[in-house]
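The values are calculated or read from the model by the stated rules, or taken from the named source; none is laboratory data. Treat the numbers as computed from the prediction; the structure is a model and nothing was measured. Don't worry about glycine lacking a Cβ; one is built from the backbone with ideal geometry, like all the others, and counts go over all protein chains shown.
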Amino acid sequence: MRVGILTGGGDCPGLNPAIRGVVMRGIDHGFELIGIQLGWKGLVEGIVAPLSLEQVEDIIYQGGTILGSSRTNPFKPGNERQLEACLENAKALGFDAIVAMGGEDTLGVASKLFKLGMPAVGIPKTMDNDLDYTDYTFGFDTAVGVALDAADRLRDTAKSHRRILVLEVMGRHAGWMALYCGIGAGADWILLPEVALDLEEMCAHLRRRRERGKQWGLIVASEGVEIPSADTEDITVDAFGHVILRERGVAEFIAKEIEKRVGVETRSAVLGHVQRGGSPTVFDRVLATRLGIKGADLVKEGSFGKMAAIQGSQIVAVDLDQAVNELKTVPIELWESIKTLFK
Ligand code: F6P
């Protein structure tokens, strides 16, 4: 079988270990493995190159993706020609299967292409950890580690200056990144996209803390938090229609509000793409490798339209269609239970 592998959407640590897993298992299955460059853009433009054992055997520790990535969306209205090119190139290049690694966007495209007859399987990656039907996506653990390190550093300077520091982390419309980073850092408040912004509730808490002598503070805010000032601003969207959230200035807005309402000098820091780079953690390396192996096995079995997933400690196959149907966001009960930490 001739099998194409691509990585699409925002990159994250773990993509290289996953590519390695697919290739290594694919070799056992006798596949001819082809790297499609730059996500779906590579299929649209026919940019491919063979993937050998030598190319992948020593990439397990590397961040990014050796295949490159893009946010090309052949299903975007107006991109009909791209869609035709995808289908034509998949045939012309002789692909018997395509293994797509991505989040809701890239795998959403894979799912739609599968419905149009393309033999596709999915592997879930995203630092946002917001794909449904899988407990974790690789990239998340590494990115949270980076965010946590930043939070710990901000705590040091917040303490020295008796200030409040607001850290904005990525994660788009799911608050997993902010939640895990905030719990891990012992933050004084965590702002999630799933919870309506209540500045007064947060500031009353910050005032109470000062009254009992804690002079400094650390807030972790998700980039996806709805803020009033964002409503009227010009917004930029990507090829999948997602608003570029960092342009809304969540951390800066929150910091100004705290200063006004609590009367404490407050600074903000936006972590941005720093979270997407670096060597994957062992959790991400192992998860990505196991998912990659499963992806190759799904191709071998002819289980197309499926996504490899982790549920509990087991690697399983789920329907791609279902996995991309709804985002996995932070349940409100989980938020309610961790509010006990804000004392
Ligand atoms: O989906 C991953 C992610 O890092 C989000 O957390 C973030 O909002 C977005 O990608 C940023 O996208 P880009 O790299 O296109 O700026």
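The table for this structure:
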read-out: The lone exception for LEU53 - which of (1) within 18 Å of ARG290 (Cα to Cα); (2) in contact (Cβ under 8 Å) with a residue 60 or more places away in the chain; (3) not aromatic (Phe, Trp, Tyr) it fails; value: (2)
read-out: Filter pass, ALA158 being closer than 24 Å to THR340 by Cβ and within 15 Å of the ligand (Cβ to nearest atom); value: no
read-out: Residue within segment 58-65 that is touching a helix residue (DSSP H, G or I) at 6+ places or on another chain (Cβ under 9 Å), at pLDDT 95 or above and crowded, with 23+ Cβ neighbours inside 10 Å present; value: yes
read-out: Residue check, LEU148 within 25 Å of VAL318 (Cα to Cα), part of a helix (DSSP H, G or I) and among the aliphatic types (A, V, I, L, M); value: no
read-out: Which listed residue, of LEU197, LEU206, LEU191, is at pLDDT 95 or above and touching a Pro at 6+ places or on another chain (Cβ under 9 Å); value: LEU197
read-out: Sole exception among (1) in contact with a Pro (Cβ under 6 Å, 6 or more places away or on another chain); (2) assigned to a helix (DSSP H, G or I) for ALA18, by number; value: (1)
read-out: Condition check for GLY9: touching a strand residue (DSSP E or B) at 6+ places or on another chain (Cβ under 7 Å) and within 16 Å of the ligand (Cβ to nearest atom); value: yes
read-out: One residue from LEU93, LEU33, LEU53, LEU38 being among the aliphatic types (A, V, I, L, M) and buried (at least 22 other Cβ atoms within 10 Å of the Cβ); value: LEU33
read-out: Pairs with Cβ under 7 Å, 6+ apart, first in segment 239-250 and in contact (Cβ under 8 Å) with a residue 60 or more places away in the chain, second more than 10 Å from the ligand (Cβ to nearest atom) and hydroxyl-bearing (Ser, Thr, Tyr); value: ALA239/THR72
read-out: Number of the exception - GLU80 against (1) surrounded by fewer than 24 Cβ atoms within 10 Å (Cβ to Cβ); (2) in contact with a helix residue (DSSP H, G or I) (Cβ under 8 Å, 6 or more places away or on another chain); value: (2)
read-out: Residue that is nearest to the ligand (Cβ to nearest atom), among those in segment 299-334 that are part of a helix (DSSP H, G or I) and in contact with a Gly (Cβ under 9 Å, 6 or more places away or on another chain); value: ALA323
read-out: Leading residue by the ranking (surrounded by the most Cβ atoms within 10 Å (Cβ to Cβ)) among those in segment 119-137 that are under 13 Å from GLN311 (Cβ atoms) and within 16 Å of the ligand (Cβ to nearest atom); value: PRO124
